[in-house]
1. Just to be sure I understand, how many residues within the stretch B:166-182 are of a type in the set (A, V, I, L, M) and near the ligand (Cβ under 7 Å from one of its atoms)?
2. Considering only the stretch B:180-201, I want to know if a residue exists there that is β-branched (Val, Ile, Thr) and surrounded by 18 or more Cβ atoms within 10 Å (Cβ to Cβ).
3. Considering only residues of the stretch B:212-243 that are within 14 Å of chain A (Cβ to nearest Cβ), of a type in the set (S, T, N, Q) and part of a helix (DSSP H, G or I), which is nearest to B:Arg284 (Cα to Cα)?
4. So, in the stretch B:47-64, how many residues would count as being crowded, with 17+ Cβ neighbours inside 10 Å and either near the ligand (Cβ under 10 Å from one of its atoms) or closer than 21 Å to B:Ser338 by Cβ (or both)?
5. State all residues of the stretch A:17-37 that are touching a residue at least 60 places away in the same chain (Cβ under 8 Å) and either surrounded by fewer than 19 Cβ atoms within 10 Å (Cβ to Cβ) or not aliphatic (A, V, I, L, M) (or both); if no residue qualifies, say none.
6. Go through the residues of the stretch B:252-259 one by one and say whether even a single one is within 14 Å of chain A (Cβ to nearest Cβ) and away from the ligand (no atom under 16 Å from the Cβ).
7. Just for helices (runs of 4 or more DSSP H) wholly inside the stretch B:94-165: which have at least 1 residues that are more than 16 Å from the ligand (Cβ to nearest atom) and buried (at least 17 other Cβ atoms within 10 Å of the Cβ)?
Amino acid sequence: MDTISVFMTQAHHHCDTLFAEAENAMVDGDWEAATRQFAAFSRETEHHFKAEEEVMFPAFESATGMTAGPTEVMRMEHQQMRGMFAGMADGIRLRNRDAFLGASETLLMLMQQHNLKEQQMLYRMADQVLAGERCAKVLAAIRALEE
Amino acid sequence: MRGTDLAGLAAVMQTTGLSFDQAPPISVPFRFFLTVPLFIVAASALLLWAGPSALLERHNPATLAIVHLFTLGVLSMTMCGALMQLLPVVAGVSIGKPRLVATLVHLNLSAGSLLLAGGFLWGWKPAFLAASICLALGFGAFFVAAGAGLLRVATRSATTLAVSLAVLALLVTVVFGICLALLRGGLAMDFYAPFAVLHPFWGLAGWVGLLLIGVAYQVVPMFQLTPNYPATLTRWMAPILFGLLILWSLAEAGNDVRYALEAGLAAVYAGFALTTLYLHSLRRRRQVDTSLLFWRVSMLSLSGALILWETAGLLPHGWRDRIELSAGILIIVGFALSAINGMLYKIVPFLIWFHLQSSLPGRHAVPNMKEILPEVWARRQFWLYLASFLTLLAAVVWSPLVYPAAILLAASALALWHNLLRACYRRREAGHAAPGI
Ligand code: HEM
């Protein structure tokens with residue numbers, strides 16, 4: 001059975017791939033592909049944020065009693081990343097390649113640090129406190145979001 | 001929930017949880033970064049002044065002075081500054097009183113590097129003694145702040161292991177270095193003699209190499225979206241290198257065992273360089289940014305230095321000094337400086353961006369990383385750097401080139417300084433503009 005770490009880390013890799021495809025399309029100057037890939041990237045990443053913010057973080061918080069701890073920092077970083085999505089979207093809307101690539105560079109740094117913190121710390125802690133039954137429940141709830 | 005779970009969680013939280021949001025004030029790393037170009041300029045000025053005599057052989061006074069302006073004022077300066085920034089974030093090591101520590105390390109390291117260079121140049125004994133005191137204080141503060149934290153880390157990732165070993169190697173380097181400096185300062189001790197061989201090896205193959213390996217594990221996949229380094233490699237490379245260094249230090253000079261150990265060290269470092277170049281070729285990000293160019297030069301230089309080192313025996317004996325000098329330039333100016341320069345172009349704009357967006361309420365006022373430090377400026381500096389590095393290498397063979405090399409090196413450093421200052425100025429600008437809007 002999947003653990004929280006395994007499941008959520010896969011989501012990170014998936015989002016990384018979509019990010020690279022969107023940025024590569026923009027580097028090639030293919031606006032149509034960049035628009036499409038960026039939409040896929042931001043949709044999937046937003047979905048992953050939602051799985052965390054609405055399902056996994058609350059489960060973690062209620063299992064540990066910590067609401068002002070790591071999950072709060074992660075939520076704040078999600079907000080920062082959403083700001084960069086907006087910057088990339090502006091780049092597409094205004095046909096400004098540099099604005100897009102500047103925002104994507106910033107987003108990548110932010111996203112990779114954030115992912116590392118989640119993978120190396122938060123998910124590991126979550127694996128400890130949300131084992132067995134609880135983990136199955138969390139993963140089921142996340143899959144239910146997809147429908 | 002079972003009691004053991006909670007206890008385990010508490011332990012994880014204690015050692016890592018704090019690092020969720022623990023970056024030190026931005027002035028902590030920046031004072032180091034902004035000082036670095038000045039030391040490169042100082043080294044270039046010395047090179048210009050000493051001329052061809054600086055590239056005759058490695059024990060020449062001017063050469064030793066230039067070497068330490070680099071290894072202390074440039075490499076150790078950035079590496080200590082970057083570690084004070086990265087340790088809390090990457091390894092969960094909290095540094096108490098970061099400003100005080102940063103001030104102590106920065107001032108003592110700066111003064112100590114200059115005094116040591118002066119001591120080498122003019123052979124003035126009190127300068128060696130004063131340098132020893134400054135460097136002992138500066139590195140001492142660093143070891144107490146960072147080393148103590150590193151010892152306490154509970155979950156040791158491949159990166160924290162490599163970084164811990166690098167810091168240990170720095171300790172060895174500094175102890176040997178200070179003994180050698182005291183020797184030159186008039187406090188003669190017979191048993192110091194072998195330290196002259198051990199000291200540079202621990203400095204370059206230990207401190208500098210291990211730290212760059214540990215950092216590469218994290219930043220190569222992260223900046224370029226490459227696959228990770230293979231897990232067996234990250235687990236074993238740094239400990240094996242460290243073990244080889246220890247064995248090498250114990251082996252008798254001129255002995256076959258020692259040559260075998262050197263070959264082993266070279267093989268592991270070659271493995272690192274080739275793996276990194278291979279990972280770069282697999283990167284998912286197609287954009288070629290300046291930082292990537294710097295990393296490639298770094299890895300190619302490392303490979304070049306190793307090839308030179310291993311084939312030195314095949315070349316005519318009269319070439320020995322030239323080979324040693326070229327290997328030194330390839331390692332210090334090629335491998336180490338290039339990677340560091342490239343990394344600054346990621347770390348500095350990101351930190352400024354991060355600082356801005358957390359201190360400014362309106363998100364729109366915040367310029368992105370490439371607005372803070374434009375790619376074209378970084379690219380120009382890269383070409384200057386590359387020209388200076390290659391000219392310096394060529395100057396080992398044809399000495400008049402030392403003059404253009406020194407001028408190019410200074411120009412590259414000033415361009416770097418300009419880029420970093422300009423980025424900091426953007427911070428000011430945006431910071432002032434925001435409240436008025
Ligand atoms: C406390 C700091 C340091 C002091 C006091 C110091 C002192 C010295 C001294 C006195 C020598 C001359 C050796 C002799 O008498 O033959 C020397 C050589 C050298 N040191 Fe340092 N050093 C320090 C740090 C470093 C660091 C951090 C590195 C490298 C990262 C380094 C690399 C070298 C190199 C490459 C040589 C040239 C040796 C040769 O070519 O044989 N030093 N150092």
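1. Taking the stretch B:166-182 as the starting set, the residues that turn out to be of a type in the set (A, V, I, L, M) are B:166-172, B:174-175, B:178, B:180-182.
From what's left, near the ligand (Cβ under 7 Å from one of its atoms): B:170, B:174, B:178, B:180-181.
Of the residues in the stretch B:166-182, 5 are of a type in the set (A, V, I, L, M) and near the ligand (Cβ under 7 Å from one of its atoms).
2. No: the stretch B:180-201 contains no residue that is β-branched (Val, Ile, Thr) and surrounded by 18 or more Cβ atoms within 10 Å (Cβ to Cβ).
3. B:Gln224
4. 6
5. The answer is A:Phe19, A:Glu23, A:Val27, A:Gly29, A:Trp31.
6. Here is the first cut: in the stretch B:252-259, the residues within 14 Å of chain A (Cβ to nearest Cβ) are none.
Checked against the condition, which is being within 14 Å of chain A (Cβ to nearest Cβ) and away from the ligand (no atom under 16 Å from the Cβ), the stretch B:252-259 yields no hits at all.
7. B:98-122, B:148-152
Okay, residues lined up against (1) more than 14 Å from every other protein chain (Cβ to nearest Cβ); (2) in contact with a strand residue (DSSP E or B) (Cβ under 7 Å, 6 or more places away or on another chain); (3) of a type in the set (A, V, I, L, M):
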| position | (1), (2), (3) |
| --- | --- |
| A:Ile4 | no, no, yes |
| A:His13 | no, no, no |
| A:Ala20 | no, no, yes |
| A:Met26 | no, no, yes |
| A:Glu32 | yes, no, no |
| A:Arg36 | yes, no, no |
| A:Phe41 | no, no, no |
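The values are calculated or read from the model by the stated rules, or taken from the named source; none is laboratory data. Bear in mind that the values here come from a model prediction, so they are computed numbers and not experimental data. Using ideal geometry, Cβ is built from the backbone for each residue, glycine included, and neighbour counts are taken over all protein chains shown.
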